[in-house]
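To keep things clear, I will list the structure first and then write my remarks on it.
No value in this document is a laboratory result; all are computed from the given coordinates. The model shown is predicted, which means the values in this text are computed figures rather than measured ones. No Cβ is skipped: glycine too gets one built from the backbone with ideal geometry, and neighbour counts run over all protein chains shown.
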Amino acid sequence: MSRSPAAKRDVEALIVSDVQALSAESDELSRVFCARHDLSPNDFRALLHVMVSERDGEPLTQSQLGQRIGVSGAAITYLVDRMVQSGHLNREPHPSDRRKVLLRYADHADAVARSFFTPLGQHTAQSLDEFSAADLQTAHRVLTAVIGSMRAFNVELQE
């Protein structure tokens with residue numbers, strides 16, 4: 001494999017293109033999911049942020065969620081109230097600050113997501129069958145680096 005700077009730039013450009021395609025496909029899947037489950041795009045974005053933050057061990061407060069999806073305090077209160085009432089989110093007391101409430105992904109939301117996305121998981125597993133564990137570990141490191149760069153850029157945009 002060539003290690004020239006030009007070859008590396010070419011592969012980096014392919015990765016950028018792949019991330020763009022991944023984003024476009026993800027956007028289309030989220031549109032279909034929302035249509036099938038009577039969710040708004042902000043509902044879906046809220047669920048996604050709550051799920052990812054919870055998985056990362058950093059559950060969000062309502063205020064943090066509002067900042068993440070870029071809506072006002074009143075709008076996030078209305079959105080969260082609806083999502084709690086519909087069984088998609090739960091509110092839970094903050095373990096160290098009794099003034100705060102954490103948002104948690106509810107069992108109902110998990111069941112709905114699993115029923116929709118399980119076939120995608122099966123397609124993905126089949127697509128990844130041809131790769132070794134070492135290949136997949138490298139791909140994971142690349143994706144982690146790309147996600148890190150996107151998060152850093154997001155922070156810069158908010159400064």
## Note on the structure
Treating only Lys and Arg (+1) and Asp and Glu (-1) as charged, each at its beta carbon, one finds that the chain has a dipole about its Cα centre, in Debye to the nearest 20, of 420 debye
### Query
According to a simple spin-label model (label point 7 Å from Cα along Cα-to-Cβ), what is the distance in nm between ASP81 and VAL19?
3.9 nm
### Gaussian network model of the chain, Cα within-10 Å springs - most flexible of ALA125, ALA134, ALA113
ALA134
### Task
For the chain, build the charge dipole from Cβ charges (+1 Lys, Arg; -1 Asp, Glu) around the Cα centre, then report which of ALA134, PRO5, GLY148 sits farthest towards its positive end.
GLY148
### Message
Could you compute the net charge surrounding VAL19? Neighbours are other residues with a C-beta less than 13 Å from the C-beta of VAL19; K and R count +1, D and E count -1.
### Response
-4
### Message
Less than 15 Å from a label point 7 Å out along the Cα-to-Cβ axis of GLU28: which backbone N atoms in segment 106-143 qualify, by residue?
### Response
120
## Note on the structure
Stokes-Einstein D for segment 40-106 (10 °C, 1.306 mPa s, Kirkwood Rh from Cα pairs), in µm²/s, comes to 136 µm²/s
### Task
Using a cut-off of 11 Å between beta-carbons, work out the net charge of the residues near ILE69 (Lys and Arg +1, Asp and Glu -1, ILE69 not included).
+1
### Query
When Lys and Arg each count +1 and Asp and Glu each count -1, what net charge do the other residues less than 14 Å away from GLY148, Cβ to Cβ, add up to?
0
### Summary
Matching label for the computed volume of the Cα convex hull per residue in Å³, out of (i) 125; (ii) 96; (iii) 158, is (iii)
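In deg cm²/dmol, rounded to 500, what helix-only [θ] at 222 nm does the chain give when every DSSP H run of at least 4 residues adds -39500 (n - 2.57) and the total is split over its residues?
When only DSSP H runs of four or more count, the value is -25000 deg cm²/dmol.
Which order do peptides 60-66, 21-27 fall in by mean Cβ count within 10 Å, highest first?
60-66, 21-27
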### Query
Within the chain, what's the longest stretch lacking trypsin sites (Lys or Arg not before Pro) that sit in DSSP loops with no more than 10 other Cβ atoms inside 10 Å?
4-97
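Provide the FRET efficiency to the nearest 0.05 for the GLN67-GLU12 pair, computing r from the beta carbons and using R0 = 25 Å. Walk me through the numbers before you get to the answer.
Values: r = 31 Å, r/R0 = 1.24.
Calculated transfer efficiency: 0.20.
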